[in-house]
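Asker: One structure, pasted below without further comment.
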Amino acid sequence: MSAVIVEAVRSPVGRRNGGLSTVHPADLSAAVLNALVERAGIDPVVVEDVIWGCVQQVGDQANDIARNSVLAAGWPESVPGVTVDRQCGSSQQALNFAVASVVAGHYDVAVAGGVESMSRVPMGSAGTFEGSPYSPAFMERYNGVRPNQGVGAEQIAEKWGLTRAQLDAFSVQSHERAAAAQDAGHFADQIVPITTPDGTVISLDEGIRRGSSMESLGKLKTVFKEDGVIHAGNASQISDGASALLIMSEEAAARHGAKPLARIHTVAVVGDDPLIMLTAPIPATQKALAKAGLTVEDIGVFEVNEAFASVPLAWLAEIGADPARVNPNGGAIALGHPLGGSGGRILTDMLHHMRRNNIRYGLQTMCEGGGQANATILELLDAN
């Protein structure tokens with residue numbers, strides 16, 4: 001049995017304290033959930049589970065935001081929801097869990113996606129409580145070193161010999177590609193406009209910096225190392241956003257009169273060094289390609305999350321993909337990175353790009369806290 005994507009949508013990505021900051025994350029989720037079923041033409045009563053990614057599950061995002069979002073959307077109380085945390089890859093993992101459940105025959109119809117309002121629930125909020133996620137045994141194993149993603153990004157740059165100029169050039173390119181995609185209307189059909197409590201309608205990604213240049217980035221101070229290369233301009237933006245994908249078995253899609261857009265061809269998840277933390281997309285990609293029986297040349301588009309510019313650049317050095325096929329519409333450096341919603345946002349963008357350009361195979365991967373990474377290969381149906 002195959003699992004297929006019937007519809008995929010996302011909210012605009014809002015800047016920190018920007019247009020979406022006044023929207024409760026459950027209501028933001030509800031907006032994309034309702035748009036998803038409306039565009040697919042199905043009654044939400046047939047959805048057997050909503051698997052939702054969210055990283056900071058405290059405050060506005062506590063108490064199983066998946067279930068709260070389902071109820072905020074006005075869906076039948078019979079529709080359950082479960083919240084997943086695999087750090088930055090939470091909504092990509094939500095998709096992979098939904099796919100596994102459909103392939104196993106446990107569900108016929110499921111929704112996967114996620115949300116993060118980093119304006120309302122700042123990154124690290126869960127760590128403000130007493131205690132530490134790193135136990136004495138963990139700290140002993142790693143010689144007392146606490147994981148830090150920014151430090152890891154610096155270590156990656158050093159290990160792969162990446163200069164600040166290379167990272168900044170990649171970042172400028174991300175903004176240029178995102179601006180071009182926005183101007184061409186490539187995001188319009190995937191974005192669900194969001195109405196804020198004061199009646200303002202947000203329909204565009206807010207993070208794109210037009211006119212970003214090497215000169216402007218060169219003025220920014222490095223954050224994690226005085227003589228380092230990582231700064232705010234070549235790292236992902238703190239953002240608000242949500243995304244949702246409708247997953248069905250092929251039989252269920254036919255039964256509900258829904259047209260499948262793509263098949264989830266292969267999924268993989270790996271663990272890697274938790275201190276350098278951000279290198280796992282490399283083995284995740286290799287594992288997914290090997291499982292799929294595909295080569296780098298078979299993949300028409302790659303999405304590698306731009307947590308920091310050093311991550312996709314190191315990935316490129318190891319995987320050897322054509323840079324023109326990697327993040328063709330920009331990435332998190334330009335568009336933003338609403339942690340729990342990013343995996344679904346990237347999958348949605350990749351799927352729409354594949355449909356627009358008649359690309360048979362696309363591969364998405366992203367680094368995740370704890371030194372993990374997911375990889376997902378989509379196969380466009382009816383591709384020539």
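The values are calculated or read from the model by the stated rules, or taken from the named source; none is laboratory data. These numbers come from a predicted model, not from an experiment. Heads up, the Cβs are rebuilt from the backbone with ideal geometry, glycines too, and the neighbour counts pull from every protein chain shown.
Asker: Does at least one position in the range 75-96 carry a residue that is among the small types (Gly, Ala, Ser) and on the phi > 0 side of the Ramachandran plot?
Answerer: No, that holds for no residue.
Asker: Condition check: surrounded by fewer than 21 Cβ atoms within 10 Å (Cβ to Cβ) and of a type outside the set (Asp, Glu). Does GLY14 satisfy that?
Answerer: no
Asker: Shifting gears a bit: Considering only residues that are touching a strand residue (DSSP E or B) at 6+ places or on another chain (Cβ under 8 Å) and either modelled with pLDDT under 95 or farther than 28 Å from GLY89 by Cα (or both), which ones fall in the range 238-258?
Answerer: HIS256
Asker: (1) small (Gly, Ala, Ser); (2) within 20 Å of the chain's Cα centre (by Cα); (3) surrounded by 23 or more Cβ atoms within 10 Å (Cβ to Cβ): which one isn't true of ALA157, the others all being true?
Answerer: The single condition ALA157 does not satisfy is (2).
Asker: Determine whether ASP64 is of a type outside the set (S, T, N, Q), out of contact with any Phe, Trp or Tyr (no Cβ under 8 Å at 6 or more places or on another chain) and at negative phi.
Answerer: When the stated conditions are applied, ASP64 does not pass them.
Asker: For the range 198-209, what are the residues that are at negative phi and either small (Gly, Ala, Ser) or not in a loop (DSSP other than H, G, I, E, B) (or both)?
Answerer: VAL201, ILE202, SER203, GLY207 - these are the residues of the range 198-209 that are at negative phi and either small (Gly, Ala, Ser) or not in a loop (DSSP other than H, G, I, E, B) (or both).
Asker: Step by step: first the residues of the range 37-57, then only those that are among the aliphatic types (A, V, I, L, M) and touching a strand residue (DSSP E or B) at 6+ places or on another chain (Cβ under 9 Å), then the one that is surrounded by the fewest Cβ atoms within 10 Å (Cβ to Cβ). Which residue is that? Let's see the steps before the verdict.
Answerer: Taking the range 37-57 as the starting set, the residues that turn out to be among the aliphatic types (A, V, I, L, M) are 37, 40, 42, 45-47, 50-51, 55.
Add one more test, that the residue is touching a strand residue (DSSP E or B) at 6+ places or on another chain (Cβ under 9 Å), and what stays is 37, 40, 42, 46-47, 50-51, 55.
Numbers: VAL37: 22, ALA40: 22, ILE42: 21, VAL46: 15, VAL47: 26, VAL50: 26, ILE51: 27, VAL55: 30.
Top of the filtered list is VAL46.
Asker: Mind counting the residues in the range 171-197 that are in a helix (DSSP H, G or I) and in contact with a Pro (Cβ under 7 Å, 6 or more places away or on another chain)?
Answerer: Result for the range 171-197: 1.
Asker: Are there any pairs with C-beta distances below 8 angstrom linking a residue in the range 10-30 that is assigned to a strand (DSSP E or B) to a residue that is of a type in the set (Ser, Thr, Tyr) and buried (at least 24 other Cβ atoms within 10 Å of the Cβ), with the two at least 6 apart or on different chains, and if so which?
Answerer: These pairs meet every condition: ARG10/SER243; ARG10/THR348; GLY14/SER239; ARG15/SER239.
Asker: Can you tell me which condition ALA383 does not meet? The list is (1) at pLDDT below 95; (2) part of a strand (DSSP E or B), and all the others hold.
Answerer: Failed condition: (2).
Asker: Conditions first: (1) touching a Leu at 6+ places or on another chain (Cβ under 8 Å); (2) surrounded by fewer than 24 Cβ atoms within 10 Å (Cβ to Cβ). ASN34 passes all but one, so which condition is the exception?
Answerer: Exception for ASN34: condition (1).
Asker: Scan the range 339-352 and give yes if some residue there is at positive phi and of a type outside the set (Ser, Thr, Tyr), otherwise no. If you could, list the steps in order and put the result at the bottom.
Answerer: Initial filter on the range 339-352 (at positive phi): none.
Within the range 339-352, not a single residue is at positive phi and of a type outside the set (Ser, Thr, Tyr).
Asker: Those residues that are out of contact with any helix residue (DSSP H, G or I) (no Cβ under 7 Å at 6 or more places or on another chain), in a helix (DSSP H, G or I) and either in contact (Cβ under 8 Å) with a residue 40 or more places away in the chain or of a type in the set (D, E, K, R) (or both), I need them from the range 130-164; list them, please.
Answerer: Within the range 130-164, GLU140, ARG141, GLN149, GLY150, VAL151, GLY152, GLU154, GLN155, GLU158, LYS159, ARG164 qualify.
Asker: List the number of the failed condition for TRP52; all other conditions in (1) in a strand (DSSP E or B); (2) out of contact with any Gly (no Cβ under 8 Å at 6 or more places or on another chain) hold.
Answerer: (2)
Asker: Restricting to the range 238-260, give me the number of residues that are buried (at least 22 other Cβ atoms within 10 Å of the Cβ) and within 21 Å of the chain's Cα centre (by Cα).
Answerer: So the count comes out to 10.
Asker: If you take the residues of the range 311-337 that are without any contact (Cβ under 8 Å) to a residue 60 or more places away in the chain, of a type in the set (A, V, I, L, M, F, W, C) and part of a helix (DSSP H, G or I), which of them is surrounded by the most Cβ atoms within 10 Å (Cβ to Cβ)?
Answerer: TRP315
Asker: Now a separate question. In the range 210-237, how many residues are in contact with a strand residue (DSSP E or B) (Cβ under 9 Å, 6 or more places away or on another chain), in a loop (DSSP other than H, G, I, E, B), buried (at least 21 other Cβ atoms within 10 Å of the Cβ) and not hydroxyl-bearing (Ser, Thr, Tyr)?
Answerer: Total satisfying the criteria: 2.
Asker: Could you list, in sequence order, the residues of the range 145-155 that are farther than 16 Å from ASP227 by Cβ and not basic (Lys, Arg)? Give the derivation first.
Answerer: Step one: of the range 145-155, the residues farther than 16 Å from ASP227 by Cβ are 145-149, 152.
Within the range 145-155, VAL145, PRO147, ASN148, GLN149, GLY152 meet the criteria.
Asker: Kindly list, by first and then second residue, each pair from a residue in the range 177-200 that is farther than 20 Å from ASP27 by Cβ to a residue that is among the aromatic types (Phe, Trp, Tyr) and surrounded by 11 or more Cβ atoms within 10 Å (Cβ to Cβ), limited to pairs with Cβ atoms under 7 Å and residues at least 6 apart or on different chains.
Answerer: Hits for this filter: ALA181/PHE187.
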